[in-house]
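One structure is given here, and the rest of the page talks about it.
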Amino acid sequence: MENHMISTMPHRRPFTFKNAQRRKPQAPPENTSGRYDAPPDPVIDIPGLAKGSALNFDSDIARRLMRRDVHPKEAFTARGDGGAFWRVSVKELGPGGGTGVPYERMTASPEARLEITLACAVLGRQRMLFVTQKATELGVARIVPLITEHSVPPKDFSHEKAHAWPGQIVRAAKQCRRGSLPEPFGADAACVVRRIACHGAGG
């Protein structure tokens with residue numbers, strides 16, 4: 001009687017150059033050369049907000065919502081008559097405008113009463129992402145990365161994902177229901193940093 005061995009190992013297609021070409025291309029490397037400053041965005045003011053009353057907003061508000069990464073079926077914070085803050089549910093959103101419905105009047109303002117500027121020496125190991133997140137949630141108006149003797153130098157900002165600081169601010173503001181976006185490293189703040197770096201704090 002003959003014994004027939006049946007292999008249960010899966011058949012592997014031999015490697016060829018054509019098979020290698022069928023592989024999906026790898027994603028492009030993350031951009032690390034971008035800017036690390038961005039203009040601030042104040043509270044969105046919409047007069048006549050009322051609970052359950054549908055509203056239309058123009059292209060300017062739509063552009064600001066898109067910058068804040070707000071999508072249909074999500075919500076944003078707006079200020080209505082008398083300085084009252086509302087949560088508004090987005091129904092439609094496009095470059096030309098959109099529609100929404102206010103559904104909750106906030107019991108307290110999500111904005112800080114004082115205009116606070118946080119000056120922080122640029123930290124290594126990408127810890128500035130954590131700083132920008134928490135500073136936004138705490139309500140600062142401006143975040144100034146300081147260039148000091150022991151801070152990360154500007155030439156190494158790309159390694160600290162400085163291009164991602166504005167995006168981190170957007171996510172934090174969205175998470176804490178804040179109505180405005182603080183400014184990371186504005187032009188005026190840059191002058192202050194240069195003066196401190198060249199002449200010291202008393203210069």
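Scanning segment 101-126 for residues that are assigned to a strand (DSSP E or B) and over 23 Å from Ala141 (Cα atoms) yields a count of 5.
Somewhere in segment 156-177, is a residue among the polar types (S, T, N, Q) and in contact (Cβ under 8 Å) with a residue 60 or more places away in the chain? Yes: one or more hits. Exactly one residue out of Phe57, Phe85 is under 26 Å from Glu183 (Cα atoms) and in contact with a Pro (Cβ under 7 Å, 6 or more places away or on another chain), and it is Phe85.
Got a number for residues in segment 128-178 being of a type in the set (D, E, K, R) and at pLDDT below 90? Of the residues in segment 128-178, 5 are of a type in the set (D, E, K, R) and at pLDDT below 90. Listed by position, the strands (runs of 3 or more DSSP E) enclosed by segment 34-100 include none that has at least 2 residues that are of a type in the set (S, T, N, Q). Being loosely packed, with under 14 Cβ neighbours inside 10 Å, in contact (Cβ under 8 Å) with a residue 60 or more places away in the chain and of a type in the set (Asp, Glu) is a property that holds for Asp69.
The values are calculated or read from the model by the stated rules, or taken from the named source; none is laboratory data. Note that this is a predicted model, so its numbers are computed, not measured. Methodologically, a virtual Cβ is constructed for each residue, glycine included, from the backbone with ideal geometry; neighbour enumeration extends over all protein chains shown.
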